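The values are calculated or read from the model by the stated rules, or taken from the named source; none is laboratory data. Keep in mind that this is a model prediction, so the values were computed, not measured. Because the Cβ atoms are built from the backbone with ideal geometry, glycine has one as well, and the counts that use them run over all protein chains shown. Only protein heavy atoms, including side chains, enter the accessible area calculation; ligands, DNA and RNA are left aside. Shrake-Rupley method; radii C 1.70, N 1.55, O 1.52, S 1.80 Å.
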Amino acid sequence: MRSVSSPLNKTHANVTAPSRRITALRVVLPRRSASRGRLVGPGIDVPCAIGRSGVTALKREGDGASPAGSLAVVGGWYRPDRFAVRPASGVPLRPMSPSDGWSDDPSDPAYNRPVRLPRRHGHERMWRDDRVYDLVLVLDWNLRPRSRGRGSAIFLHLAREDFAGTAGCVALRRGDLVRLLPRLAPGARIRIG
């Protein structure tokens, strides 16, 4: 099947099911400062939200921007209380627990790593009430090597209903991410900017 390219203001999603796995996707934006665009690739063209500050080549912790570049999907989590069965996935996916967190404190030796809660250093709770992390994939931003303060936790996760800008992550509708997940090849890359 062929990929369908469409204007950014298109509101519906198109996810087809070609037999081959997806190895590359890109975020298409109307302008670098935009926080809404489209995630496109072979057989996929869906709306997405990115960082509320747009895209930057100089990512810093807390700037609200998505980092420019090509980021690999390394794995992720799902909330077992929100999915009756484990979602089908082409990348490693494990059940999340209420004690899962992610360090976003540059002074923490575990900065930009998954951590167990409670924790005295600054962190983000993965088990959230707002449902945006019901299904979340980790992108390889600033993982190896880590540079303190360069930004942590760039995820592919679920979008808010209004597609509000994220803290730097890429966000999709639940149905779009669920349909995309089994088509992702291990190490699939997402180009932002």
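For semi-axes √(5λ) of the Cα gyration tensor in Å, the listed values are (1) 32, 17, 13; (2) 22, 19, 17; (3) 25, 20, 15; which was obtained by calculation from the structure presented?
Here the calculated entry is (3).
What ³J(HN,Hα) values, in whole Hz, does the Karplus curve 6.51 cos²θ - 1.76 cosθ + 1.60 give for the range 186-192 when θ = phi - 60°, with x put for Gly and Pro?
Working through the residues one at a time gives x, x, 3, 10, 10, 8, 10 Hz.
For a quick check, take a GNM of the chain with Cα springs below 10 Å and name the residue from Ala65, Ala34, Ala153 with the largest mean-square fluctuation.
Ranking Ala65, Ala34, Ala153 by mean-square fluctuation puts Ala34 first.
With only Lys, Arg, Asp and Glu charged, each at its Cβ (+1 for the first two, -1 for the last two), find how big the charge dipole of the range 61-113 is about the Cα centre; round to the nearest 20 debye.
460 debye
Explain nothing, just compute: Karplus ³J(HN,Hα) = 6.51 cos²θ - 1.76 cosθ + 1.60, θ = phi - 60°, for every residue of the range 20-31 in order, whole Hz, x for Gly and Pro.
8, 6, 8, 10, 8, 10, 9, 8, 9, 10, x, 7
Report ³J(HN,Hα) in whole Hz for each residue of the range 122-128, in order, from the Karplus equation J = 6.51 cos²θ - 1.76 cosθ + 1.60 where θ = phi - 60°; Gly and Pro get x.
The phi angles translate into x, 7, 10, 7, 7, 7, 10 Hz.
Under 5 Å between amide H atoms, partner at least 5 residues away or on a different chain: which partners does Ile22 have, H built in plane at 1.01 Å?
Those qualifying (amide H under 5 Å, at least 5 residues apart or on another chain) are Leu184, Ala185.
For Arg146 paired with Arg128, estimate the spin-label separation in nm (one decimal), with each label point 7 Å from Cα along the Cα-to-Cβ line.
2.0 nm
Quick one: if the Förster radius is 45 Å, what FRET efficiency do Leu117 and Arg20 give, using the C-beta to C-beta distance and rounding to 0.05?
0.70
Taking only DSSP H segments of four or more residues, each worth -39500 (n - 2.57), what value at 222 nm results for the chain once the sum is divided by all its residues, to the nearest 500 deg cm²/dmol?
It comes out at -1000 deg cm²/dmol, rounded to the nearest 500.
Sticking with the crude label model, points 7 Å out along Cα→Cβ, report the distance from Arg82 to Arg160 in nm, one decimal please.
The answer from the label model is 1.5 nm.
Amide H neighbours of Ser99 under 5 Å, counting only residues 5+ apart in sequence or on other chains, H built in-plane at 1.01 Å?
Amide H neighbours of Ser99: none.
Output the relative contact order of the range 61-193, whole-number percent, from Cα pairs under 8 angstrom with separation of 6+ residues.
Computed over the range 61-193, the figure is 35 percent.
Taking all protein chains as present, what is the carbon and sulfur share of the accessible area of the range 88-170, in % to the nearest whole number, probe 1.4 Å?
Of all accessible area on the range 88-170, carbon and sulfur atoms account for 50 percent.
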